[in-house]
Amino acid sequence: MTYSFADRVYVVTGASRGIGFATAKLLAERGARVALFARDADGVAAAAASIGGSAIGVAVDVGERGPMFAAFERVASVFGRLDGVINNAGATMVCRIETLSEAAVMLQVKANFLGVVYGSQAAIPYLRGNGGGRIVNVTSATVRHPEEFPHLSIYGATKAAAERFTFELREEVKAENIGVTVFSPGTADTTFGGAASAEEAEGAFKRWLDMGPNCDGMMTAKTVAEAIVNCLALPDGTAFDFVELRPNRPTPKALRI
């Protein structure tokens, strides 16, 4: 039996571009209504408008608890229900540990960890009130595969923290028919990411090349989005605990910062 997304409502964070936008767009194409969350008010409004009337854009910093709870309240007010959240928002800063600034650390802690915590917390009451739903927390294959790119200490650590949090979350809410999934993608062709400086980027790139001439390639955002949406299309009482999707084609390395 084909799963129906008709009239279901999902929140997707980090949805103004990349994997988040591709996921929101695919959900809308399959009949769902979607709320796109992102910090950039103009960007998220434009992203939602490009999807059409089944989407709204909400400008919010996922690392701020009060605004996140208010954002979920707005979604429930507009759409009348909530069936799931994809906590996809993230930030990375290529930088050696010795030279990490406080701003670089906190940017990643807020987006990669606190955003998952607050997005999950805010969703639970609405999912419970609706008889159940889905929480998909997007992490990173960097947690297990540091060879993907070096000098990502805080990024990898915050994504690992999000995974441990998610496993605990699963145990707390499964009796309420809320399915919880860690979704761990490998390298995808997005604009996500940055470096603390040109010097840091150059140093990390050189180290990456020293690891060998080839990598496993790169996925499209649409491919990753399709896998995320598959995590939502399961019968009640079942959930993927952990999914890791990675490219699988030996490919000459190229700079992606």
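Here Gly217 meets each of (1) assigned to a helix (DSSP H, G or I); (2) over 20 Å from Ala89 (Cα atoms); (3) in contact with a Lys or Arg (Cβ under 9 Å, 6 or more places away or on another chain); (4) of a type in the set (Gly, Ala, Ser) with one exception, condition (1). Applying a threshold of 8 Å to beta carbon distances and a minimum spacing of six or more residues, or different chains, the list of pairs starting in the stretch 153-165 at a residue that is of a type in the set (Phe, Trp, Tyr) and ending at one that is in a helix (DSSP H, G or I) reads Tyr155/Gln108; Tyr155/Asn112; Tyr155/Thr142; Phe165/Phe113; Phe165/Val116; Phe165/Val117; Phe165/Ser120. Just one of the listed residues (Gly193, Gly217) is modelled with pLDDT under 95 and out of contact with any Pro (no Cβ under 6 Å at 6 or more places or on another chain), and it is Gly193. Could you tell me whether any residue of the stretch 8-31 is assigned to a loop (DSSP other than H, G, I, E, B), over 17 Å from the mean Cα position of the chain (by Cα) and buried (at least 23 other Cβ atoms within 10 Å of the Cβ)? No, there is no match, as no residue in the stretch 8-31 is assigned to a loop (DSSP other than H, G, I, E, B), over 17 Å from the mean Cα position of the chain (by Cα) and buried (at least 23 other Cβ atoms within 10 Å of the Cβ). The number of residues in the stretch 233-257 that are in contact with a helix residue (DSSP H, G or I) (Cβ under 8 Å, 6 or more places away or on another chain) and either polar (S, T, N, Q) or in a helix (DSSP H, G or I) (or both) comes to 0.
For the stretch 112-133, the set of residues classified as farther than 15 Å from Val75 by Cβ and in contact (Cβ under 8 Å) with a residue 60 or more places away in the chain consists of Gly115, Gly132, listed by residue number. Filtered by the rule that a residue be more than 30 Å from Ala195 (Cβ to Cβ), surrounded by fewer than 20 Cβ atoms within 10 Å (Cβ to Cβ) and not small (Gly, Ala, Ser), the stretch 59-78 gives Phe69, Glu73, Arg74, Val78.
The values are calculated or read from the model by the stated rules, or taken from the named source; none is laboratory data. Predicted model, so just to flag it, every value in this text is computed and none were measured. Cβ coordinates were reconstructed from backbone atoms using ideal geometry, including for glycine residues, and neighbour counts include every protein chain displayed.
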